[in-house]
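**Student:** So that we are looking at the same thing, I have put the structure below in structure tokens.
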Amino acid sequence: MLKTHILLLCLVILVGCNSRTKRTGFFPDGTFYDDSKRNAEYSKWTVSHLNALQEPSLFALSNDSKVQCYRLLLLPSFKKPMAVRLTLKRDNTGTLDVKITNGQWGYEPGQLIESKTINIYQKQVTNFLQLLDKANFWHLPARDERFGLDGTTWIIEGVKDGKYQVEKRWSPEEGAYLEAALFLRGLADP
């Protein structure tokens with residue numbers, strides 16, 4: 001009887017340690033702002049653009065530890081929003097999904113007007129991942145405090161080994177973050 005109770009207790013502990021709350025939605029709470037109301041409004045607006053771009057939630061995709069995927073979301077003040085999503089394959093090649101709407105960041109998200117998929121070679125994937133490492137992507141804070149009225153919001157998201165990371169920057173001018181983002185953006189126009 002005692003062995004049965006110990007076995008059941010061990011089973012409960014193992015199941016509890018291996019389970020985690022299923023991630024839903026597009027972004028974790030508090031991603032963009034500490035103020036919950038402001039964060040909710042900003043998240044809702046950003047998600048409206050992701051929905052118009054017909055993009056999946058990478059945060060939800062992080063429930064699958066086998067997925068490795070990165071997305072650059074560009075939200076310019078007066079130009080067309082764009083999502084560039086790189087999904088890695090087992091052989092370290094990838095597919096790049098590029099989507100553009102006719103909306104504007106400060107206004108309505110618009111409708112999807114362009115969608116294409118491009119095959120990406122191992123060397124390109126390796127170069128991008130090296131740039132992310134150089135940018136210290138998996139350890140940077142999700143946001144910086146820079147903000148402006150005109151410019152472009154750059155959001156890079158990543159999913160790897162069941163982990164999710166997001167970083168938002170407003171009109172970055174230099175540095176490894178910008179290099180990684182520009183490299184990914186450049187793959188969209190081969």
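The values are calculated or read from the model by the stated rules, or taken from the named source; none is laboratory data. Small disclaimer: the values here were computed from a predicted structure and weren't measured. All Cβ positions, even for glycine, are placed from backbone atoms using ideal geometry, and neighbour counts span all protein chains on display.
**Student:** Hey, among 133, 144, which residue is out of contact with any Gly (no Cβ under 6 Å at 6 or more places or on another chain), more than 28 Å from residue 79 (Cα to Cα) and acidic (Asp, Glu)?
**Tutor:** 133
**Student:** Still on this model: Quick one: which of 126, 87 is under 20 Å from residue 179 (Cα atoms) and touching a Cys at 6+ places or on another chain (Cβ under 8 Å)?
**Tutor:** Going through 126, 87 in turn, the sole match is 87.
**Student:** Step by step: first the residues of region 49-87, then only those that are over 15 Å from the mean Cα position of the chain (by Cα) and either among the hydrophobic types (A, V, I, L, M, F, W, C) or in a helix (DSSP H, G or I) (or both), then the one that is farthest from residue 163 (Cα to Cα). Which residue is that?
**Tutor:** Here the answer is 78.
**Student:** Counting just the residues of region 75-96 that are of a type in the set (A, V, I, L, M, F, W, C) and at pLDDT 95 or above, which one comes out surrounded by the most Cβ atoms within 10 Å (Cβ to Cβ)?
**Tutor:** By that ranking, first place goes to 83.
**Student:** Tally the residues that are in a strand (DSSP E or B), acidic (Asp, Glu) and either over 27 Å from residue 42 (Cβ atoms) or modelled with pLDDT of 95 or more (or both), restricting the search to region 114-167.
**Tutor:** The qualifying residues number 2.
**Student:** How about region 103-113: which of its residues are at pLDDT 95 or above and surrounded by 14 or more Cβ atoms within 10 Å (Cβ to Cβ)?
**Tutor:** 112
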